[in-house]
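A short worksheet on the structure shown next.
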Amino acid sequence: MKNQQTLIDNRKVSLQVCSLQHAPLVILIVNHQLVETVQKVCHSLDENQPFHTLCFHDLNWDEDLSPWPHEPIVQKDDHFTGNAPEFLKTVEKAVEWARTIVGPNTYTILSGYSMGGLFSLYAAYQSTQFDAIVCASGSVWYPGFYEYATTHAMKGQPRSIYLSLGRKESQTRNPYLSQTGIFMEKLQKFYKEIHIPCVLEWNPGNHFVNADLRLAKGIVWSLHQLNA
């Protein structure tokens, strides 16, 4: 892959261009160190599904990916400032920049893990830029998100939504996190009712097991949906 970089809103953005010009563009909302591993796992799952990769360096995890402010939930030093609307503007600019290189009509897959998965779902309600959404072990427990997702129209309804969760993720005394599985099941049902192809895949383990594989499975499934 050929790597290109730029600065957008003072953030370092990387685009890895594959050999197929009009391949889909996968936007990864993850820790930058995970990007290469996710790419390798995707290709091990299906080497016949090439894609370009767009990613961001130095994400401010709690701040950038929380849709609205909230007090700490998981750790005492959580910093949920609700900056997702602003970060989404940066993501949209990055997609526009990437499309000047890979083609203006390229399909896009917005994919994220944990809070990145929450952000990916949230973005579908705010933007028309994304053709498919991957929410792997997404933080759909975030207070108010389920209610928001089921009472607001998506600005650009995606062609598919992939949800996943570890079977042990809801086994916690935290009153918010313990609802994650219930919300995932309800969201899958809701999206199918509004005629969006949506799958919920259950994985072994807790939140910290095989993040790269969980993301990769969602990306490959989404690539197949776009090519169907």
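The values are calculated or read from the model by the stated rules, or taken from the named source; none is laboratory data. No experiment lies behind these values; they were computed from the predicted model shown. Ideal geometry is used to build each Cβ from the backbone, glycine not excepted, and the neighbour counts take in all protein chains shown.
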Next item on the list: Scan segment 179-228 for residues that are over 19 Å from PHE51 (Cβ atoms), of a type in the set (Gly, Ala, Ser) and modelled with pLDDT of 95 or more and jot them down.
Entry: GLY181
Check: Only one residue in ARG173, ARG167 is at pLDDT below 95 and in contact with a Pro (Cβ under 8 Å, 6 or more places away or on another chain). Which one?
Finding: ARG167
Checklist line | One residue from GLY138, GLY112 being modelled with pLDDT of 95 or more, under 15 Å from ASN206 (Cα atoms) and either surrounded by 24 or more Cβ atoms within 10 Å (Cβ to Cβ) or under 18 Å from the mean Cα position of the chain (by Cα) (or both) | finding: GLY138
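Counting only residues that are in contact with a Cys (Cβ under 9 Å, 6 or more places away or on another chain) and modelled with pLDDT of 95 or more, which one in segment 1-29 is nearest to ASN60 (Cα to Cα)?
Within segment 1-29, the subset in contact with a Cys (Cβ under 9 Å, 6 or more places away or on another chain) is 1-2, 13-16, 26-29.
Among the residues that remain, those that are also modelled with pLDDT of 95 or more are: 13-16, 26-29.
Working: VAL13: 14, SER14: 16, LEU15: 19, GLN16: 22, VAL26: 20, ILE27: 16, LEU28: 14, ILE29: 11 Å.
Out of the qualifying residues, it is ILE29.
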Check: Out of segment 159-212, which residues are aromatic (Phe, Trp, Tyr), surrounded by 13 or more Cβ atoms within 10 Å (Cβ to Cβ) and in a loop (DSSP other than H, G, I, E, B)?
Finding: TYR176
Notebook entry, point to check: How many residues, within segment 141-181, are touching a helix residue (DSSP H, G or I) at 6+ places or on another chain (Cβ under 9 Å), over 16 Å from SER120 (Cβ atoms) and not charged (D, E, K, R)?
Noted result: 7
